[in-house]
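Take a look at the structure below.
What follows draws every value from the coordinates through simple rules; no lab data is involved. Remember, it's a predicted structure, so these values are computed and weren't measured experimentally. Here the Cβ is made from the backbone with ideal geometry for all residues, glycine too, and neighbour counts use every protein chain on show.
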Ligand SMILES: Nc1ncnc2c1ncn2[C@@H]1O[C@H](COP(=O)(O)OP(=O)(O)OP(=O)(O)O)[C@@H](O)[C@H]1O
Ligand SMILES: [Mg+2]
């Protein structure tokens, strides 16, 4: 597989307010209480993601990937550091400005899907629009078709498989055409063919619409679609590398394993 072999998008290309400044992550630190202990989930992480860049975040379970994504989305507040999205410091925004900003700029795919159980697949996808967001160039029917679930539009989440729920969560994140898509293991419950379809869709967002995509993943096959990989270890940025240096996902996987295994451990419990 190569990142070049991407089918071109059939959607009408409509430019939206994607912003032009890089996403800045500055010295993010976040501690959580766990009983009488405190866990340093993120410890001074800094990174920069350019507009229209597709970045994968990799790292072992517990290395801080979801914490980082939640801080970028403004769902969690950092103890230290800040995140700037297109010049706006999201880490200093509070509701209702924070919700407004997120609705306008960010599409989020949670690790746990977070679908509303009483709503159909169609209405779950439309939720950001029903909540006052603007609909992007892809209609709900087009999105259902792209994710291969046209015939599941009226099903409720409990009548959908894990992989189907995951695809609905992805379509929900895309309905308002966000400038920034944040996805936490969006292919974790998918078979390899469906997973590649979702990766292609995310790559098209970046190639054809200029969107910025940040994906947390454990899978080298998924990371290979990205331009760059940021590796976390024990709440710190271990390294980052470009994917174009690798001929295939196996080569990326081998490099990743070697890099992670050759570094020291040091999960910090305070
Ligand atoms: N709300 C929370 N309360 C207490 N501890 C937390 C909380 N969220 C995360 N942690 C801890 O912070 C560390 C990083 O968690 P995080 O969820 O960011 O890891 P992750 O890299 O996303 O892991 P996974 O690959 O398993 O999803 C872990 O040790 C976790 O137990
Ligand atoms: Mg996680």
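Observations, loosely collected:
- Each Cα pair under 8 Å and six or more residues apart adds its separation to the average, and for the chain the resulting relative contact order is 27 percent.
- In this calculation the C-beta distance from residue 77 to residue 145 is compared with R0 = 35 Å, giving a FRET efficiency of 0.35.
- Using a Förster distance of 22 Å, the FRET efficiency for residue 259-residue 218 (Cβ separation, nearest 0.05): 0.90
- Share of pairwise Cα separations in segment 97-161, more than 17 Å, in percent: 46 percent
- Net length gained if the chain between residue 241 and residue 116 were fully extended (0.36 nm per residue, minus Cα distance): 41.3 nm
- Helix 192-209 and the long axis of the chain differ in direction by around 90°, with both axes built from C-alpha atoms.
- Using alpha-carbon coordinates, inclination of helix 121-130 to the longest axis of the chain, degrees: 80 degrees
- Within the listed set 228, 94, 167, the Gaussian network model of the chain (springs between alpha-carbon atoms below 10 Å) gives the highest mean-square fluctuation for 94.
- Interatomic Cα distance distribution for the chain, bins of 5 angstrom, percent: 1, 6, 13, 17, 19, 17, 14, 8, 4, 1, 0
- CD proxy at 222 nm, helix term only [per DSSP H run n ≥ 4: -39500 (n - 2.57); per residue of the chain; nearest 500]: -9000 deg cm²/dmol
- Counting beta carbons within 10 Å around each of 233, 172 and listing the fewest first gives the order 233, 172.
- Cβ-Cβ FRET estimate between residue 156 and residue 192, R0 fixed at 41 Å, reported to 0.05: 0.90
- When the chain is treated as a Gaussian network with alpha carbon springs shorter than 10 Å, the biggest mean-square fluctuation among 85, 116, 175 belongs to 116.
- Between segment 55-103 and segment 156-211, the alpha-carbon center distance in angstrom: 20 Å
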